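Following: one structure in structure tokens, then a few remarks.
The values are calculated or read from the model by the stated rules, or taken from the named source; none is laboratory data. The structure presented is a predicted model; accordingly, all values stated were derived computationally and were not measured. Positions of Cβ are backbone-derived with ideal geometry, glycine not excepted, and every protein chain shown enters the neighbour counts. Accessible surface areas use protein heavy atoms only, side chains included; no ligands, DNA or RNA. Shrake-Rupley method; radii C 1.70, N 1.55, O 1.52, S 1.80 Å.
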Amino acid sequence: MMKAKISLLKEKIEQLTVANAEELEQARIKYLSKKGEITALFEEFKSVPNADKRLVGQLLNELKDIAQTKIHSLRKSFTVTRGVDTDFDLTRTAEPIPVGTRHPVSQVQNEIIEIFSRIGFVIAEGPEIEDDWNVFGALNFPPEHPARDMQDTFFIEKNPDVLLRTHTSSVQTRVMTTQKPPIRVLCPGRVYRNEAISYRAHCFFHQIEGLYIDRNVSFADLKQVLLYFAKEMFGGETQIRLRPSYFPFTEPSAEMDISCNLCGGQGCQFCKHTGWVEILGCGMVDPDVLRNCGIDPEIYSGFAFGLGIERITNLKFQVKDLRMFSENDLRFLEQFVSV
Ligand code: DAH
């Protein structure tokens, strides 16, 4: 009686096929679970006459083995054919996926762009690998200017010069030679200088150049635009100060300081106890530069400014070592939660 049942079940199990994981689980329950048919046979085994116990027990254990192996191999076949390991516990909570943060320099760059775009500036970009004309020549750098020296600039080739741009002012040249005024552009980008790397200098960093060319653009316009920027960026109480300076491509030229936003102008280590920190260079575009780029200085005038993004980022976040910006250390980057 038992023997017949066992061999029937054995046959059934050997021929068992299932179409999916659910059917497989049903088969497992049907044969092997606590209430399964094989478990029931073990129950029934208790009443088998002692004389038969040995043989029947053997057959029964064999049946159980066959069933377990069959279920296991069916499960494996799913893994192969469907590419999914059905041994996965789908009820487990998922591993948390870490969300990246935006780089502080990118955050500040975006903020600056946002501020200037509100007053009509649009983005212009240029290449990092440049020629002498766009970086120096058109911008009135005299032939013997130190920036043209290998000590200051990375040259890729000499004569004709191919070099890594040392400032985003090169994009000014490109925009002015290809567009007609009115021009109102903001040029963000990476620049390179042949500097020894230390906590306060790096051989590459980021700048944003601003350029505004139209009829009747004056120094007062420049000052108002920069004041607007300073207040938007550092808060409404921020003051600016323009100091006379020199750049080959602007006349007059100035450097702009803002009241130190760390000590509120009282004097601290960051502003070297002056209450002011320098943040950018600016000026009225030199008529010769306009002419070099095919714009008539009798009709048009304009202003330009250039700022270092890392510098502004430092003011905002007080990063003491410039090298942190390019080391990709997650312990540093994770502190700047993106907004
Ligand atoms: N190109 C200058 C630099 O890298 C920054 C600068 C100064 C840009 C004055 C300007 C400007 O457009 O008018 O130091």
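Quick look at the numbers
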item: Meets criteria (more than 9 Å from the ligand (Cβ to nearest atom), touching a residue at least 24 places away in the same chain (Cβ under 8 Å), loosely packed, with under 15 Cβ neighbours inside 10 Å and of a type in the set (Val, Ile, Thr)) for Ile312; result: no
item: Residue that is modelled with the lowest pLDDT [pool: residues in region 161-182 that are in contact with a strand residue (DSSP E or B) (Cβ under 7 Å, 6 or more places away or on another chain) and more than 23 Å from Leu307 (Cβ to Cβ)]; result: Asp161
item: Search result, residues across region 228-259 that are within 17 Å of Ile119 (Cβ to Cβ), open to solvent by 20 Å² or more (accessible area, probe 1.4 Å) and within 16 Å of the ligand (Cβ to nearest atom); result: Ile240
item: Residues that are touching a strand residue (DSSP E or B) at 6+ places or on another chain (Cβ under 8 Å) and at negative phi, drawn from region 262-286; result: Phe270, Cys271, Trp276, Val277, Glu278, Ile279, Leu280, Gly281, Cys282, Met284, Val285, Asp286
item: Residue tally, condition away from the ligand (no atom under 16 Å from the Cβ), surrounded by fewer than 21 Cβ atoms within 10 Å (Cβ to Cβ) and either of a type in the set (Asp, Glu) or without any contact (Cβ under 8 Å) to a residue 24 or more places away in the chain (or both), over region 271-296; result: 6
item: Residue in region 148-155 that is without any contact (Cβ under 8 Å) to a residue 60 or more places away in the chain, assigned to a strand (DSSP E or B) and surrounded by fewer than 20 Cβ atoms within 10 Å (Cβ to Cβ) present; result: yes
item: Residue list for region 154-187, filter: within 12 Å of the ligand (Cβ to nearest atom) and in contact with a Ser or Thr (Cβ under 6 Å, 6 or more places away or on another chain); result: Thr166, Cys187
item: Hey, Ile299 within 16 Å of the ligand (Cβ to nearest atom) and assigned by TED's automatic domain parsing to the domain that holds His167 or not; result: no
item: Filtered residues of region 157-201 (kept if under 24 Å from Ala124 (Cα atoms) and among the aliphatic types (A, V, I, L, M)); result: Val162, Leu163, Leu164, Val171, Val175, Met176, Ile183, Val185, Leu186, Val191
item: Test: Val122 is surrounded by 16 or more Cβ atoms within 10 Å (Cβ to Cβ), in contact (Cβ under 8 Å) with a residue 40 or more places away in the chain and of a type outside the set (Gly, Ala, Ser); result: no
item: Selected residue [at pLDDT below 95, open to solvent by less than 30 Å² (accessible area, probe 1.4 Å) and closer than 17 Å to Pro104 by Cβ] from Leu307, Leu333, Leu262, Leu322; result: Leu333
item: Residue, farthest from the ligand (Cβ to nearest atom), within region 188-225, restricted to residues that are open to solvent by 30 Å² or more (accessible area, probe 1.4 Å) and in contact with a Leu (Cβ under 7 Å, 6 or more places away or on another chain); result: Tyr199
